[in-house]
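Since the structure comes first, as structure tokens, the remarks are kept for the end.
The values are calculated or read from the model by the stated rules, or taken from the named source; none is laboratory data. As the structure is a computational prediction, the values presented were derived from the model and not from experiment. Neighbour counts run over all protein chains shown; Cβ positions are idealised from the backbone, glycine included. For accessibility, only protein heavy atoms count, side chains too; no ligands or nucleic acids. Shrake-Rupley method; radii C 1.70, N 1.55, O 1.52, S 1.80 Å.
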Amino acid sequence: QVQLVESGGGLVQTGGSLRLSCAASGRPFGSYAMGWFRQPAGKEREFVAAINWSGFSRAYANSVKGRFTISRDNAKNSVYLQMASLKPEDTAHYYCAAGPGTASDSTRDYSHWGQGTQVTVSS
């Protein structure tokens with residue numbers, strides 16, 4: 001089992017930046033692909049970014065490409081999402097997820113989920 005705890009969310013103005021962190025405990029973190037997903041209020045959960053176990057393979061949703069960067073530190077059992085040039089449409093609850101496969105954009109490929117952290121971007 002892997003337990004995931006997100007942090008770093010908050011309220012930020014349009015154009016601002018935030019860095020989300022996800023701390024993992026339990027089974028060896030380095031064996032998992034990690035993903036970030038988000039769920040705006042009243043909408044479906046959507047893919048944001050993913051990274052494979054080594055960090056060499058990354059994937060991004062088109063809506064965040066060039067603005068968000070996913071990274072991981074296996075020595076610290078952590079994955080990060082650096083968000084820049086934030087827009088009001090980035091407002092959502094952001095979730096960290098772990099899965100045994102590759103850097104996937106599908107929720108079905110992730111077996112462990114955190115409780116999430118809220119990001120609100122004001123206009």
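Per-residue answers, yes or no, for (1) in contact (Cβ under 8 Å) with a residue 60 or more places away in the chain; (2) of a type in the set (A, V, I, L, M, F, W, C):
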| residue | (1), (2) |
| --- | --- |
| Arg38 | yes, no |
| Lys43 | no, no |
| Ala61 | no, yes |
| Lys65 | no, no |
| Thr69 | no, no |
| Arg72 | no, no |
| Ser85 | yes, no |
| Glu89 | no, no |
| Pro100 | yes, no |
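Picking from residues in segment 77-121 that are of a type in the set (Val, Ile, Thr) and either in a strand (DSSP E or B) or farther than 16 Å from Glu44 by Cβ (or both), the one that is most open to solvent (accessible area, probe 1.4 Å) is Thr102.
The rows are residues; the columns are (1) aliphatic (A, V, I, L, M); (2) out of contact with any Pro (no Cβ under 9 Å at 6 or more places or on another chain).
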| site | (1), (2) |
| --- | --- |
| Gln13 | no, yes |
| Leu18 | yes, yes |
| Pro28 | no, yes |
| Ser31 | no, no |
| Gln39 | no, yes |
| Asn52 | no, yes |
| Tyr60 | no, yes |
| Ser78 | no, yes |
| Gln115 | no, yes |
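Restrict the check to segment 31-38 and report whether at least one residue is out of contact with any Phe, Trp or Tyr (no Cβ under 7 Å at 6 or more places or on another chain) and modelled with pLDDT of 95 or more. Yes, segment 31-38 contains at least one residue that is out of contact with any Phe, Trp or Tyr (no Cβ under 7 Å at 6 or more places or on another chain) and modelled with pLDDT of 95 or more. Of the residues making up segment 4-17, not a single one is closer than 21 Å to Arg108 by Cα, at pLDDT below 95 and open to solvent by 60 Å² or more (accessible area, probe 1.4 Å). For segment 34-49, give me each residue that is open to solvent by 70 Å² or more (accessible area, probe 1.4 Å), in contact with a strand residue (DSSP E or B) (Cβ under 8 Å, 6 or more places away or on another chain) and of a type in the set (Gly, Ala, Ser). Listed by number, the list holds a single entry, Ala41. Taken together, the criteria place Ser21 among residues that are touching a residue at least 40 places away in the same chain (Cβ under 8 Å), within 11 Å of Thr117 (Cα to Cα) and either in contact with a Ser or Thr (Cβ under 6 Å, 6 or more places away or on another chain) or hydroxyl-bearing (Ser, Thr, Tyr) (or both).
Suppose the filter is within 25 Å of Gln1 (Cβ to Cβ) and surrounded by 14 or more Cβ atoms within 10 Å (Cβ to Cβ); does Phe68 pass it? Against the criterion (within 25 Å of Gln1 (Cβ to Cβ) and surrounded by 14 or more Cβ atoms within 10 Å (Cβ to Cβ)), Phe68 does not qualify.
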